[in-house]
Amino acid sequence: MVNVTYDASGDLLWSNDSGSGVFNLGDIAWTLASTALVWIMIPGVGFFYSGLLRRKNALSMIYLSMMCVAMVSFQWFFWGYSLAFSDTGSRYIGDLRYFALRNVLEQPSIGSPRVPAIVFCVFQLMFAAITPMIAVGAVAERSRLGPLLVFVFVWSTIVYDPIACWTWNSNGWSFVLGGLDFAGGTPVHISSGTAALAISLYLGRRRGYGTERLAYKPHNTTYVVLGTVFLWFGWFGFNGGSALSANLRGAMACVVTNLAASVGGLTWMLWDWRLERKWSVVGFCSGAIAGLVAITPGSGYVGPPAAVLFGFMAGTVCNFATQLKFIFKYDDTLDIFASHAIGGVVGNILTGLFAQASVAGTDGITVIPGGWLDHHWKQLGIQLADSVSGMSYSFVMT
């Protein structure tokens, strides 16, 4: 039985048979608001994908976005949260201590002592829900929608949950090794982007691949822009909310997120102008998302000057990575591997180079040795190990 009271400043005081503690209501409010921001990103992915496809396939992507929210919400309640964040789990995956969210309420969360477990649980649910949605965009124009319900449940269990565990759980091997991934470079973007590549290879190329039949333009550019707006807007909660507190570190995460997206969009658009001599709104939107992907792992560790480089490198590398499907003859309809997997690797590497202990410490709690800027040379190797592990595991298991 939990007892809840409030002190003179309005902070929440809780106690039960095993202990007591205090939570700041501002931290809880910001984390819950960030939960809602990340939720809006999921239909944002659906609208973005929908706009890029032909009209006859457009609705399927919006349907899939809502289906992923519903299916992963049940999976997270059933055992997903426990497999990812039980504090008695192994270095690779959790146990069933919190099966069906048993005893997940007032205790300090494994993510941060500043918010209760139930708040951390619902915030992390949104990350778990958006990840398979990014991946299943690879089925566009060549798969039945019904079996994807089963695929999303199973994939979340055997791919996302273990990677989230080893990245963010304090028992996880990457966490213990010192890997820096503030908001999901490996669990969200590398895992989903690599899964999209595996799906593309497994399903094979669409009928008419390489012919004029598939040389179509996006059917609704407005949907592409609308999806980008939802994603950019939600990413303030995705990265800023990962501070799990209304503090300077969260504010810095919001600043570098917006900056990387802006530079990434401009960079991609300029590369496209070099080839086509016209300004492309789809190119800008693609670059903005690449910049958002890249800054995700480093958003709580780097400052604004580094964010400019994150955006530029993401807009450049991911733009050129879209040509890989022509070189290796696979049919990644929506360039998910190029934008998310490659973008996530770029972000992880740059985090190893530019992470700063001074930025991470703006929350008053976090202590890290930093990256190359702080003369911590082995951080790059740790980031590479985490990236390669996440990419390999996701590809094989998918």
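The values are calculated or read from the model by the stated rules, or taken from the named source; none is laboratory data. What you see is a predicted model; the values in this text were computed from it and never measured. Using ideal geometry, Cβ is built from the backbone for each residue, glycine included, and neighbour counts are taken over all protein chains shown. Just the protein is used for accessible areas: all its heavy atoms, side chains included, with ligands, DNA and RNA removed. Shrake-Rupley method; radii C 1.70, N 1.55, O 1.52, S 1.80 Å.
How high is the relative contact order of the range 288-398? Use alpha-carbon pairs under 8 Å, at least six apart in sequence, and give a whole percent. Don't skip to the answer; put the middle values down first.
Values: 145 pairs, mean separation 30.4, N = 111.
Reported as a whole number, the value is 27 percent.
What does the convex hull of the Cα atoms come to per residue for the chain, in Å³? Display every interim value, and only then the final one.
Details: hull volume 50.5 nm³, N = 398.
Residue-normalised Cα hull volume stands at 127 Å³.
Over the alpha carbons of the range 268-336, what is the largest minus smallest coordinate on each principal axis, giving the biggest first in Å?
37, 27, 15
So for the range 279-377, Kirkwood radius off the Cα pairs, Stokes-Einstein at 37 °C and 0.692 mPa s: how many µm² s⁻¹?
Details: Rh = 14.2 Å.
For the chosen part, D equals 231 µm²/s.
Where in the chain lies the longest segment free of trypsin sites (Lys or Arg not before Pro) that are both loop residues by DSSP (not H, G, I, E, B) and have at most 12 other Cβ atoms within 10 Å? All intermediate terms of the calculation are to be shown ahead of the outcome.
Numbers: sites that count: Arg102, Arg144, Arg207, Arg277, Lys278, Lys329.
The longest such stretch corresponds to 1-101.
Over all directions, the average projected area of the alpha-carbon convex hull for the range 23-177 comes to how many nm²?
One quarter of the hull surface, i.e. the mean projection, equals 9.2 nm².
Could you tell me what percent of the accessible area of the chain is made up of carbon and sulfur, with a 1.4 Å probe and every protein chain present? Spell out each step's value before the answer.
Numbers: 10710 of 15900 Å².
About 67 percent, which is the carbon plus sulfur part of the accessible surface.
Output the Kirkwood hydrodynamic radius of the range 80-172, Cα pairs only, in Å rounded to one decimal.
Working: mean 1/r = 0.0719 Å⁻¹.
For the range 80-172, inverting the mean 1/r across all distinct Cα pairs yields 13.9 Å.
Apply the Kirkwood formula to the range 75-128: the hydrodynamic radius equals the inverse of the mean of 1/r over all pairs of different alpha-carbon atoms; give it in Å with one decimal. Don't jump to the answer; show the numbers that get you there.
Working: mean 1/r = 0.0925 Å⁻¹.
About 10.8 Å, per the Kirkwood formula over Cα pairs.
Mind checking the per residue accessible area of the chain for me, 1.4 Å probe, whole number of Å²?
Numbers: 15900 Å² over 398 residues.
Ligands and nucleic acids excluded, the result is 40 Å² per residue.
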